[in-house]
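Just below is one structure, and these are the notes that go with it.
The values are calculated or read from the model by the stated rules, or taken from the named source; none is laboratory data. Note that this is a predicted model, so its numbers are computed, not measured. SASA here: full protein model, heavy atoms, side chains in, ligands and nucleic acids out. Shrake-Rupley method; radii C 1.70, N 1.55, O 1.52, S 1.80 Å.
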Amino acid sequence: MSDKTLVCKDCNAEFIFTEGEQAFYAEKGFENEPQRCQECRRARKQQRRNNNNY
């Protein structure tokens, strides 16, 4: 495995899907690569938290 450059589906920024992250995903049984960069993942998670508080 080698690092992969992916494009975020929210902001279209390129981000690196590292070998370590790929190994983690494989270990957890995840079949899909991440679709969002780290910043967009954090923002989406925070938004879900805020929506659940109501």
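Quick notes on this one:
- Counting only aspartates and glutamates at least 8 places from K45 when in the same chain, those with an alpha carbon closer than 14 Å to its own are D10.
- Stretching the chain fully between K28 and M1 yields a gain of 8.1 nm (0.36 nm per residue, less the alpha carbon separation).
- Look at the Cα gyration tensor of the stretch 1-51: its axes a ≥ b ≥ c give a/c of at least 1.5 with a/b at or below b/c, and that counts as oblate.
- In the chain, the longest principal axis of the Cα atoms and the axis of helix 19-28 are about 70 degrees apart.
- Our note on the geometry: Cα centres of the stretch 1-27 and the stretch 36-51, 17 Å apart.
- Cross-link reach list, aspartates and glutamates versus K4, counting only Cα pairs under 12 Å and skipping chain neighbours closer than eight places: E14, E19, E21, E33
- Apportionment of accessible area to carbon and sulfur, the chain, percent (1.4 Å): 43 percent
- Per residue, the accessible area of the chain comes to 85 Å² when a 1.4 Å probe rolls over the protein heavy atoms.
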